[in-house]
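Report on the structure given below.
The values are calculated or read from the model by the stated rules, or taken from the named source; none is laboratory data. The structure presented is a predicted model; accordingly, all values stated were derived computationally and were not measured. Positions of Cβ are generated from backbone atoms using ideal geometry, with glycine treated the same way; all protein chains shown enter the neighbour counts. Accessible surface is based on the protein model in full, side chains and every heavy atom, while ligands, DNA and RNA are left aside. Shrake-Rupley method; radii C 1.70, N 1.55, O 1.52, S 1.80 Å.
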Amino acid sequence: MSGKGKKSSGQQLKPEPEAQTNPYADTLKRLRDAFNSGRTQPAEFRVSQLRGLSRFLKENRKLLLDTLAQDLNKPTFEADISEIVLCESEIRLALKNLDAWMKDERVEKNLATQLDSAFIRKEPYGVTLIIAPWNYPLNLLLVPLVGAVAAGNCVVLKPSEMSKGMEKVIAEVLPQYLDKNCFATVLGGPEEATILLKNKFDYIFFTGSPRVGQIVMAAASKYLTPLTLELGGKNPCYVDDNCDPQNVANRVAWFRFFNAGQTCVAPDYILCSRETQEKLLPALQRAVTQFYGKDPQSSPDLARIINNKHFHRLCGLLGNGRAAIGGQSDEQERYIAPTVLVDVKETDPVMQEEIFGPILPILNVQSVEEAIAFIRKREKPLALYAFSNDSKVVNKVLDETSSGSFGGNNGFMFMTITSMPFGGIGHSGMGQYHGKFTFDTFSHLRGCILCSPRLEIINKIRYPPYSPGRQRLLVWLLEHKLGLPCSIL
Ligand code: NAD
């Protein structure tokens, strides 16, 4: 990256506070020139960059795992499956399907356009921006990047300033695997991001909190820039009386305490009857002990809280209701024990904000109907879970609610299925990605029709002077299809 600011390494800049008002102008010009040159368009270029991403993951595997351990004490098992493996499968899928995804898509025509050629062209937007959070700092930057590259865009990457180790790797190591004219990294936090967003992008892909999502959307509106918002919120988890408490406890505990609860799609709170709560509590305690031992703090399989600010925020929430399981914390390690809270009120802070930590409150409802009413009264969540031995109950929750994704007797395994779209609705976001959906997100679908310059006789029926007979004929031609792919172009 060229420009006026402090060079942290190679292509990256962290602007000095006194730097000129737009320290990113040179970088964006370089990317725009590269895009306008058509460099990113050929499939060969896209393949070479995707292979570069694949090599980046392969050759730096240990560095990436060590960095995730350094930032979040992320267990290797969790880091591998949720960060590296998911990115690799996205790259593999894109490489395998790139030609098919890029290809013009022929569409069905009416009889009035039967001799024309009608198709959808997948166009890259241009210079795009990906802003990522810190909780899955590799996955949430690279998975959108794979689709942006596959779709032929230039990309500015803005990793989170909070996952410092990964920010450095993205700034210093990743650029070695990508074309520097087409990709750049911008470092920093809100201050730098605010300046960056004053620039015009052709697409913005933001993952983070609803609060910052609003800021990004407002900035995008200045240029009418289309955007995807992958946001967060509170994900309800209904547990029916008719269930196997130990199975439910194992599943919910794993998804809640994975990455120390710092997962946007983690079950945020349980809704169940008091009777089921009494069965779930010993089962959850058994699950926690089985997963992390008698002293979870000494377990190598439990991540830590990202920073002191979030640690103190979570400590504040530990005081809500009563900790039936866990409740301990250690500031030095930013450790919060896997915790289950009971006697929690709807009005408690733990039920007002996204928890984003290893704390699981239980709220009591008398029936599935009451649980559904509770869920429907709130913002539409990013994910919603229902556990029951009765599939009718699971389907009732599915049918009578709305959310970004849904898990029946399961947690966020839907994140691993590249053929499914992932994204929020309402307050939890807009747009979707993963697999081909990411390619589509980063592509403008251009509807095209190509017509012969000759055969004007066919067009004559459209032209004035109009007559009822011609009108009837044209309406008939517009309403009917031949069902054959015939065209003269
Ligand atoms: P955040 O919104 O604070 O920050 C996200 C990114 O935005 C960071 O790169 C940050 O530097 C940048 N940013 C901060 N202030 C900004 C500003 N004023 N203008 C522009 N950019 C700014 O979120 P976070 O704390 O990093 O992540 C946690 C949140 O992200 C949670 O709400 C979580 O649910 C959500 N999340 C959502 C998904 C998803 O896929 N939907 C995935 C992970 C996290």
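Loop-resident trypsin sites (Lys or Arg not before Pro) (DSSP state other than H, G, I, E or B) in region 397-458 with no more than 16 further Cβ atoms inside 10 Å of their Cβ: Arg454. Taking a Cβ cut-off of under 11 Å around Val143, the surrounding Lys, Arg, Asp and Glu residues balance to a net charge of -4, with basic ones at +1 and acidic ones at -1. In the chain, carbon and sulfur make up what percent of the accessible area (probe 1.4 Å)? The value for the chain is 54 percent carbon and sulfur by accessible area. Computed packing ranks the peptides 167-179, 408-420 as 167-179, 408-420, most packed first, by mean other Cβ atoms within 10 Å. Ranking of Val155, Val47 by solvent-accessible surface, largest first: Val47, Val155 (1.4 Å probe, protein heavy atoms only, all chains present). Solvent exposure of the chain, expressed per residue, is 44 Å² of accessible area, with all protein chains present and a 1.4 angstrom probe. Pairs from the table (Lys158/Lys198; Lys164/Lys309; Lys158/Lys180; Lys122/Lys481) lying more than 21 angstrom apart at Cα are Lys122/Lys481. Here the contact order of the chain, divided by its residue count and restricted to Cα pairs under 8 Å and six or more residues apart, works out to 19 percent.
Rounding to the nearest 10 and keeping the result within 0 to 90°, find how far the Cα-based axis of helix 468-479 lies from the longest principal axis of the chain. Computed tilt is about 40 degrees. On full extension, the segment bounded by Glu44 and Tyr223 gains 61.3 nm, given 0.36 nm per residue less the C-alpha separation. For chymotrypsin sites (Phe, Trp or Tyr not before Pro), the sites in region 193-237 that DSSP calls loop and that have at most 16 other Cβ atoms within 10 Å are Tyr223. Positive end of the dipole of region 404-489 (Cβ unit charges, origin at the Cα centre): among Phe442, Pro453, Leu478, the Cα lying farthest that way belongs to Pro453. Peptides 277-285, 38-46, 226-234, 305-313, ordered by how many other C-beta atoms sit within 10 Å of their residues on average, highest first, read 226-234, 277-285, 305-313, 38-46. Between region 357-422 and region 38-78, the alpha-carbon centres lie 32 Å apart. The angle between the Cα long axis of helix 308-318 and the longest principal axis of the Cα atoms of the chain comes to about 60 degrees, rounded to the nearest 10. Between the C-alpha center of region 158-182 and that of region 89-111 there is a gap of 29 Å. Selection among Leu93, Ala337, Pro42 by position relative to the dipole of the chain gives Pro42 as farthest towards the positive end (Cβ unit charges, Cα centre). Computed over Cα pairs, the Kirkwood radius of region 236-423 leads via Stokes-Einstein (1.567 mPa s, 4 °C) to a diffusion coefficient of 78 µm² per second.
Note on Lys96/Gln366: beta-carbon distance plugged into 1/(1 + (r/R0)^6) with R0 of 51 Å gives a FRET efficiency of 0.55.
Note: relative contact order over region 292-339, using C-alpha pairs below 8 Å and six or more positions apart, is 38 percent. Ordering of 93-100, 68-75, 400-407 by packing is 68-75, 400-407, 93-100, highest average first (other Cβ atoms within 10 Å, averaged per residue). With 20 Å bins beginning at zero, the pair-distance distribution over Cα atoms of the chain amounts to 22, 47, 25, 6, 0 %. Over the chain, DSSP H runs of length four or greater, each weighted -39,500 (n - 2.57), average out per residue to a 222 nm ellipticity of -11500 deg cm²/dmol. Straight-line reach from Lys380: taking Cα to Cα under 17 Å and skipping same-chain neighbours fewer than 8 places apart, the lysines in range are Lys234, Lys396.
Between the alpha-carbon centres of region 459-484 and region 284-307 there is a gap of 71 Å. Can you give the net charge of the other residues whose Cβ lies under 13 Å from the Cβ of Thr225, counting K and R as +1 and D and E as -1? With Lys, Arg at +1 and Asp, Glu at -1, the net is +2.
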